[in-house]
Amino acid sequence: MNGVKSDRLLAQGQAAGCLNGTNFNILCFLYFAVGYPVFAMSANKQLPLQGIKVIELGTLIAGPFCARMLAEFGAEVIKIEAPEGGDQIRQWRKMYEGTSLWWYVQARNKKSVTVNLRVPEGQEIVRRLAREADIVIENFRPGALEKWNIGWEQLSAINPKLIMVRLSGFGQDGPYRDRPGFGVVGEAMGGMRYVTGYPDRPPVRLGISIGDSLAALHGVIGAMMALHHRNVNGGRGQYVDVALYEAVFNMMESLVPEFDVLGFKRERAGNALPGIVPSNTYPTRDGKYVIIGANNDSIFKRLMSAIGREDLANDASLATNAGRVPRTAELDRAIEAWTRTHDLDAVLDALERAEVPSGRVYDAEDILNDPHYAARRMIEQWRLPDGKPMKIPAVVPKLSETPGETKWLGPRLGEHTAKVMTELGYSDAEQQDMKQRGII
């Protein structure tokens, strides 16, 4: 039985609470009798994006993450990579046997085709692909594709139904259009960095590339709306212009109207949620931390009762958030005085009984050991090329009838070049010649 499939089958059965090592042999028998997978109820159902063809011209994070989500829900994603080295993310962060572990997730379900976009023959390959494509995703600096004769005007002339998702630092127009823009710059310009951290320290970043990921998600949303317009409303294709800083800016809640109307500039507030009290992170006796969100009026009363502060629970001036905000420091001190005298598990038990939203601060080990992650099947088990098992995040969001899935991990560089080129009509001799000249 295929190692990858057997691992997935075992993990699915265990998560469902109906499989252990002993009866796994029975499941293997069922596999050979009826075919894999027994527990994957969507196996015979059409995925929501099945039949949609996507050409990914992106690198690193924003473009590839956008294309990855489409691939997870059934789209055929052909990822174009440079013949020498491919996408740089193959070499980013922690490596195993020469390949980034991130790559295997970021490029799952994609086909890798190597093409040199800087030469006419390579550009012609992209044009041929675009003739039959539904979506092209790119995150080069504005003007790069136009310079290579594969920009929006050129490709939409070939295929009027084409949709192009264009992700860039500052958008396709405006005075900053030509500036290089990475996630860190977009997070700063979008307003997120300024409000992140403590008031007496410089702004800080999250531990992930949140700006790139937010841009990718906006790209997916835009692609789906454009696809719906084209297919349902009889519209032509169009391009989706996603500026990274604008995707971040879209998350900034009431930042602008508060300043415009009241002259209030939101500042850094550490782990607290400004203007919503209490909502903070508190230390426990065993050196851990608990997140508590009790800003709802009734929940606040339950929290105060749970920590033995009936005086605060019954204080009429604290009955609403408006009354609690001026006393934020006092309330945080009262909560912390209680959490510091109990271990984390005891704190969580007490707050759960009181129906107060709370939780531990998870690290990777906590995630992999958590029963809720397991019950929701949020961790998948696969095998790397040398057979080493590896756990990866499952696909989200969860669709009840046509859920997404991982079909394969990130491919080898150029793994699908020959097959795709043959489908485009290139002969073996032509492919060999292009390979020798560094075109593919």
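The values are calculated or read from the model by the stated rules, or taken from the named source; none is laboratory data. All values derive from a computational prediction rather than experimental measurement. With ideal geometry, Cβ positions are generated from the backbone for all residues, glycine too; neighbour counts draw on all protein chains shown. Surface areas here come from the heavy atoms of the whole protein model, side chains and all, with no ligands, DNA or RNA. Shrake-Rupley method; radii C 1.70, N 1.55, O 1.52, S 1.80 Å.
Brief remarks follow.
- Scan of the stretch 277-288 for residues that are buried (at least 16 other Cβ atoms within 10 Å of the Cβ) and either under 18 Å from Glu253 (Cα atoms) or among the β-branched types (Val, Ile, Thr) (or both), ordered by number: Val277, Ser279, Thr284
- Residue that is farthest from the chain's Cα centre (by Cα) [pool: residues in the stretch 233-275 that are among the β-branched types (Val, Ile, Thr) and open to solvent by less than 60 Å² (accessible area, probe 1.4 Å)]: Val240
- Highlighted here are the helices (runs of 4 or more DSSP H) found entirely within the stretch 60-159 that include at least 2 residues which are among the aliphatic types (A, V, I, L, M), closer than 22 Å to His218 by Cα and open to solvent by less than 10 Å² (accessible area, probe 1.4 Å): 62-72.
- Checklist (1) open to solvent by 70 Å² or more (accessible area, probe 1.4 Å); (2) part of a helix (DSSP H, G or I) applied to Met224, failing item: (1)
- When Phe182 is tested against (1) surrounded by fewer than 16 Cβ atoms within 10 Å (Cβ to Cβ); (2) hydrophobic (A, V, I, L, M, F, W, C); (3) modelled with pLDDT of 95 or more, only condition (3) is not met.
- When each of Asp428, Asp332 is tested for being among the acidic types (Asp, Glu) and surrounded by 14 or more Cβ atoms within 10 Å (Cβ to Cβ), the lone residue that passes is Asp332.
- Yes/no for Val113 being in contact (Cβ under 8 Å) with a residue 40 or more places away in the chain, in contact with a helix residue (DSSP H, G or I) (Cβ under 6 Å, 6 or more places away or on another chain) and under 30 Å from Gly387 (Cβ atoms): yes
The rows are residues; the columns are (1) without any contact (Cβ under 8 Å) to a residue 40 or more places away in the chain; (2) within 26 Å of the chain's Cα centre (by Cα); (3) under 27 Å from Gly237 (Cα atoms).
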{"site": "Arg128", "(1), (2), (3)": "no, no, yes"}
{"site": "Arg131", "(1), (2), (3)": "yes, no, yes"}
{"site": "Leu145", "(1), (2), (3)": "no, yes, yes"}
{"site": "Ser156", "(1), (2), (3)": "no, no, yes"}
{"site": "Leu167", "(1), (2), (3)": "no, yes, yes"}
{"site": "Tyr194", "(1), (2), (3)": "no, yes, no"}
